[in-house]
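Below: the structure, in structure tokens.
What follows draws every value from the coordinates through simple rules; no lab data is involved. The model shown is predicted, which means the values in this text are computed figures rather than measured ones. All Cβ positions, even for glycine, are placed from backbone atoms using ideal geometry, and neighbour counts span all protein chains on display.
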Amino acid sequence: MNWLEGFRKTRERFAGALRGVLGSARPDEATLEELADLLIMADVPLRLVDEISHELRQTASARETPRDALRRLLLKAIGPASDFAWPALPSPAVILLVGINGSGKTTTAARLAHAAQQAGRKPLLGAADTYRAAGASQLGIWAARIGCQAVIGATGADAASVAFDAVDAALARRCDVVIIDTAGRMHTREPLMRELQKVRSAIAKRLPEAPHHTWAVLDGTLGQNVLLQARQFHQMTPLTGIIVTKLDGSSKGGFLFAIRQELDLPIHFIGLGEQQADLVPFDPAQYVDAMLNTGNSS
Ligand SMILES: Nc1nc2c(ncn2[C@@H]2O[C@H](COP(=O)(O)OP(=O)(O)OP(=O)(O)O)[C@@H](O)[C@H]2O)c(=O)[nH]1
Ligand SMILES: [Mg+2]
């Protein structure tokens with residue numbers, strides 16, 4: 001799945017209006033208003049939409065074309081790429097994944113392990129989702145498929161001790177990246193959220209500087225609603241970044257701008273489909289170009 005296809009639903013929202021804007025040296029007022037409405041529906045933050053409308057009104061007298069102006073604004077709003085790189089991680093490094101139910105944590109843990117392996121690291125998957133038998137076995141199946149090490153917690157086991165065991169096993173087995181999957185939890189459920197603090201301190205007990213990364217895995221179909229989730233998780237267990245999944249099923253792909261503007265956290269990876277290879281490093285320029293592409297196919 002490529003970027004254009006991954007953001008197809010979002011683009012379809014405003015492609016028509018965008019064509020009107022980009023196709024003329026001087027877009028008319030009705031087209032600009034239509035574009036603003038559609039961008040808002042795609043969850044592009046209001047402030048950015050206002051800025052875009054303002055700038056596009058100026059392009060008639062400026063030397064910059066509407067397309068160049070829009071591209072410049074969007075690139076500025078999305079900011080630079082994250083500096084995450086597998087080779088730069090210390091050895092061993094621990095990455096903790098958190099998020100609400102069904103956001104894509106387990107799938108993402110497996111895909112990250114695969115990506116780490118491709119980058120020449122030796123990953124270990126830790127299944128600290130001990131609420132449901134299915135949670136742990138799902139990750140075990142992934143580990144077998146990828147061919148990587150795994151520590152799978154028994155159903156009902158203490159998530160914190162599974163996380164400890166995973167780090168311990170990684171040290172014993174000389175694995176150098178530990179990816180820990182946790183149970184989905186509502187950001188509003190205080191006791192469940194507290195459990196994350198226990199998981200975190202158990203990890204640090206075995207490896208003092210860990211976890212090196214804590215990433216919130218957010219469901220891209222929910223749009224800006226995930227901002228609140230991310231803030232709550234950030235309070236419980238300081239985040240070092242965001243992963244957004246399911247963008248292929250979302251028409252609100254414009255909310256990545258809101259993440260960058262409201263949360264001040266890097267977006268490390270995004271999910272553009274159901275295949276293993278569909279979790280890709282977030283590339284701001286590819287994102288902006290996918291947004292501005294007005295063709296109707298890949
Ligand atoms: N289309 C699409 N589906 C995805 C993507 N990422 C994950 N999914 C699907 O989302 C569903 C839920 O994924 P899981 O990884 O089980 O989610 P989870 O966060 O572990 O769920 P809980 O453990 O129940 O909280 C699965 O059917 C995945 O295949 C993506 O980028 N695109
Ligand atoms: Mg899961």
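Structure notes:
- Paramagnetic label reach from Ala119 (point 7 Å along Cα→Cβ; backbone nitrogen cut-off under 20 Å): within region 206-225, residues 209-218.
- Around Ala127: net Lys/Arg minus Asp/Glu count, Cβ-Cβ under 12 Å: -1
- Less than 5 angstrom separates the built amide H of Ala150 from those of Leu125, all sequence-distant by 5 or more or on a different chain.
- Summing +1 for each Lys or Arg and -1 for each Asp or Glu among the other residues whose beta-carbon sits under 11 angstrom from that of Lys252 gives +1.
- The simple spin-label model puts a point 7 Å past each Cα toward its Cβ; for Asp289 and Ser53 those points are separated by 3.0 nm.
- Efficiency of FRET from Cβ geometry, Asp264 and Ala30, R₀ 25 Å, rounded to 0.05: 0.10
- Among the listed pairs Lys76/Lys252; Lys198/Lys252; Lys76/Lys105; Lys122/Lys252, those beyond 27 Å (Cα-Cα): Lys198/Lys252; Lys76/Lys105; Lys122/Lys252
- Placing a pseudo-label 7 Å from each Cα along the Cα-to-Cβ vector at Asp158 and Arg189 gives an inter-label distance of 2.0 nm.
- Charged-residue dipole, Cβ positions (Lys, Arg, Asp, Glu), region 86-282 about Cα centre, Debye nearest 20: 180
- Helices in the chain, meaning DSSP H runs of at least 4 residues, each add -39500 (n - 2.57). Divided by all residues, the mean residue ellipticity at 222 nm is -15500 deg cm²/dmol.
- Antiparallel bridges, percent of DSSP beta bridges restricted to the chain (to nearest 5): 10
- Applied to region 73-83, the Karplus parametrisation 6.51 cos²θ - 1.76 cosθ + 1.60 on θ = phi - 60° returns per-residue 3J(HN,Hα) values of 5, 5, 5, 5, 5, 7, x, x, 5, 5, 9 Hz, with x for Gly and Pro.
- Region 37-131: trypsin sites (Lys or Arg not before Pro) falling in loop per DSSP and having at most 14 other Cβ within 10 Å: Arg63
- Residues Met41 and Ala204, FRET efficiency given R0 of 25 Å [Cβ-Cβ distance, rounded to 0.05]: 0.05
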